Amino acid sequence: MAGDTVRLTTAQAIIRYLNAQFIEIDGTRQRVCGGGFGIFGHGNVTCLGEALYDHRETLPLYRGQNEQSMGFAAAAYAKYHLRRRFMFCTASAGPGTANLLTASALAHANRLPMLMLCGDAFLTRLPDPVLQQLEHYGNPALGVNDAFQAVTRYWDRITHPAQIIQSLPAALATMLDPADCGPAFLGLPQDVQGWTFDYPVEFFEEKTHRIRRITPDAREVADAAALLRDAERPVIIAGGGVQYSDAVAELTAFAEDHNIPVIETIAGRANLLNDHALNIGPVGVTGSDSANAVAEQADVILSVGCRLQDFTTGSWTAFAKEAQFISLNAARHDAGKHRALPIVGDAKLGLEALAAEMTHYRCPAQWTAYAQEERRNWMAYVAENVRPGNRPNSYAQAIGVVNALCDPRDRVVAAAGGLPAEVTANWRTLDVGTVDVEFGFSCMGYEIAGGWGARIAQAEVEPEADTIVFAGDGSYLLMNSDIYSSVLTRKKMIVLVLDNGGFAVINKLQNNTGNESFNNLIADTPTVPEAFGVDFVAHAASMGADAVYAENADALAEAFKAAKASDKTSVIVMNVDAYEGWTTEGHTWWEVGTPHITDNPKVRAAHEEIESARARQRKGV
């Protein structure tokens, strides 16, 4: 110490600053950074590793097996904590950092905070070219780390130790901003990490952060309320932003006070419980017949905390062209989509403000009754769809078994392939905020890694609950090593591996567009002389998990009960049918590119059928 400064290396200062940042959640003050995931290499072990060692008790560092899976785990951790806490990921220069690109894109698409502290080439360039450095002859400053500018909300390369006095608070402010939230990246040249600076001691004073609540403009609220009061067939789309705003109670009260049906997006699943009278189901391409019927006839749509992605809007065919949107969103970009009447603001405050303007409005009873009847029909379909023995083994049967046996606070994680649609359509929500279907980036590999990150977060708050992962064989083969991570760290997961012999959902899309099965199912891959399956049970067991094979839904139920009773990660494998195992109802049109010219009559017919639905598409209005 020298007066009001303290001399530290850049790396030491970064970690000391993070250690001093707090947030208050439900009356409890805790660090906003829950720790991190790291794989050390020469580009981060000597300086950043030294700094992290000194804070290993307060900023726990989880050893990753793969940098991409570390990023997925960090995203799932932040999602569990509703973006109020985050994890950092540290990777070495070169390929280690490059492996984080996909995870950063996932966090960006899903608007989730994650801080990346990544090694970089030497600023002085004295030892160039160094190990794992890309050389751009006309731009020597350009490297792998610059690729992250496309997949981050905040990006900086630290070229002097003093720079973090500006950069770190800016990165933190971005990650905690309700409108701009997303991943932040700091490139840390290997020499700069060890350089020193006399930092003001005030920079390291403890600070308690708050998530900003944006108060909506009274005029925007008034305009929206006037439109909604005249609605004869209103509906509310509840997105993931409802949960991030902690606005589930306000959403529920608003819907109940005005008797307005509610439909949910994929990210908004688990806003309302399954048995709530105004829960009409999930909407869109992977939705429900009930929600889609209501969406198609609605005259005014109040979108709350939703970015209106194509799987929600049916590529903008799910709603009548003359229907008018009101969009309540903290992000101006989202609030103005498709000429919506925008309410730029926090979901909780916006719903309260709307409610104050609509004290005497009540949705026409016949409209709500129609929506509820559609919902009853849909739930009857789901009950039959998940029933064991109704057809060959299916995703829906497995989902139904788990749904019937899990505890209300258990958390469900899914991401890519056919399972997001199947979980969205068939899962009957038992408690608020218990479903994580990653469909912003729909990234294979998120399932198990995300399950590990979710369980780390869950164990901090509700250790008695379980994290349940649904993964297909394709996602398992892509990224499975965090089964080992979960066993090592004693963060129990229950992983269901549902094996349909390849990329069956894309095979289904291939067939539905008139194409022959080709290179998706292993059995239909021309370069495979003799197809065979993987022994997932033996593989999972080799990583320390309890692993069993279930022949059918009844055996799956017994295996799941045993997994619930265990304190160790369990993997349950069941084969499902690649052709007959699908939920066939609940879908809207989805725009996919199909050949406009082809010699294949089946492909031509499929193209014409797909294009015939385009007449319903809203074109930006």
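Some values worked out for this structure:
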| quantity | calculated |
| --- | --- |
| Nitroxide proxy distance, nm - points 7 Å out along Cα→Cβ at residue 45 and residue 310 | 4.4 nm |
| For the chain: relative contact order, % (alpha-carbon pairs under 8 angstrom, 6 or more apart) | 13 percent |
| Projected area, mean over directions - the stretch 179-260, Cα convex hull, nm² | 9.6 nm² |
| Extension gain, residue 584 back to residue 180 (0.36 nm per residue minus Cα-Cα distance, nm) | 141.7 nm |
| Solvent-accessible area per residue for the chain (1.4 angstrom probe, square angstrom) | 40 Å² |
| Two-site label geometry, residue 599 and residue 209: point separation in nm, points 7 Å out along Cα→Cβ | 6.0 nm |
| C-alpha center-to-center spacing [the stretch 58-91, the stretch 406-420] in angstrom | 19 Å |
| Net lengthening on full extension, residue 356/residue 591 (0.36 nm per residue, minus Cα-Cα) | 80.7 nm |
| Bins of 5 Å from zero: percent of alpha-carbon pairs in the stretch 363-420 | 4, 15, 17, 18, 19, 12, 9, 6, 1 |
| Calculated P(r) tail over 19 Å for the stretch 259-334, as whole % of Cα pairs | 28 percent |
| Cα convex hull volume per residue for the stretch 125-264 (Å³) | 197 Å³ |
| Percent carbon-and-sulfur accessible area, the chain, ignoring ligands, DNA and RNA, probe 1.4 Å | 52 percent |
| Two-decimal Rg to Rh for the stretch 373-465 - Kirkwood Rh, Cα set | 0.99 |
| Percentage, to the nearest whole number, of Cα pairs in the stretch 498-551 over 19 Å apart | 44 percent |
| Nearest-ten-degree value, helix 553-565 long axis tilted from longest Cα axis of the chain | 40 degrees |
| Normalised per residue, the volume of the convex hull around the Cα set of the stretch 309-443 (Å³) | 165 Å³ |
| Extension reserve of the residue 128-residue 431 stretch, reckoned as 0.36 nm per residue once the Cα distance is removed | 103.5 nm |
| Beta bridges by DSSP in the chain, antiparallel share as percent, to the nearest 5 | 15 percent |
| Within the stretch 1-74: Cβ-based charge dipole about Cα centre, in debye rounded to nearest 20 (Lys, Arg +1; Asp, Glu -1) | 80 debye |
| Degrees between helix 347-357 axis and first principal axis of the chain (Cα, 0 to 90, nearest 10) | 50 degrees |
| All-pairs alpha carbon distance profile, the stretch 236-364, 10 Å steps from 0, percent | 14, 51, 34, 2 |
| For the stretch 279-339 and the stretch 115-132, distance of Cα centres in Å | 46 Å |
| Over 32 Å between alpha carbons, listed pairs 207/348; 79/337; 207/491; 337/602; 79/568 | 337/602 |
| Rounded to whole Å, sorted largest first: equivalent-ellipsoid semi-axes of the stretch 533-581, Cα gyration tensor | 20, 15, 6 |
| Viscosity 1.306 mPa s, temperature 10 °C, Stokes-Einstein D of the stretch 402-535 from Kirkwood C-alpha radius, µm²/s | 100 µm²/s |
| Debye-sum result for the stretch 502-621 in log10 I(q)/I(0), which assumes one identical scatterer on each alpha carbon, at q = 0.11, 0.15, 0.17 Å⁻¹ | -0.62, -0.88, -0.98 |
| Dipole-positive endmost among 454, 414, 382 within the stretch 360-512 (Cβ charges, Cα centre) | 382 |
| Per principal axis, descending, Cα span of the stretch 3-117 in whole Å | 45, 41, 21 |
| Unit charges on C-beta of K, R, D, E only; dipole of the chain, Debye | 780 debye |
| Pair-distance profile P(r), taking every C-alpha pair of the stretch 168-218, with 5 angstrom steps and integer % | 4, 14, 17, 18, 19, 13, 8, 3, 2, 1, 0 |
| Percent of Cα-Cα distances greater than 31 Å, calculated over the chain | 53 percent |
| Solution diffusion estimate, µm²/s, Stokes-Einstein, the stretch 58-156, Kirkwood Rh from C-alpha pairs, 25 °C, viscosity 0.890 mPa s | 172 µm²/s |
| 222 nm mean residue ellipticity, helices alone, for the chain (DSSP H n ≥ 4; -39,500 (n - 2.57); rounded to 500) | -10500 deg cm²/dmol |
| Cα-based convex hull volume of the stretch 71-127 per residue, rounded to whole Å³ | 75 Å³ |
| The chain: angle of helix 218-229 to the longest principal axis, Cα-based, in degrees nearest 10 | 20 degrees |
| Point-charge dipole on Cβ atoms (K/R +1, D/E -1) for the stretch 42-97, about Cα centre, debye to 20 | 380 debye |
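The values are calculated or read from the model by the stated rules, or taken from the named source; none is laboratory data. Keep in mind it's a predicted model, so treat the numbers as computed, not measured. All Cβ positions, even for glycine, are placed from backbone atoms using ideal geometry, and neighbour counts span all protein chains on display. Ligands, DNA and RNA are stripped out before the accessible areas are found, and what is left, the full protein with its side chains, is counted by its heavy atoms. Shrake-Rupley method; radii C 1.70, N 1.55, O 1.52, S 1.80 Å.
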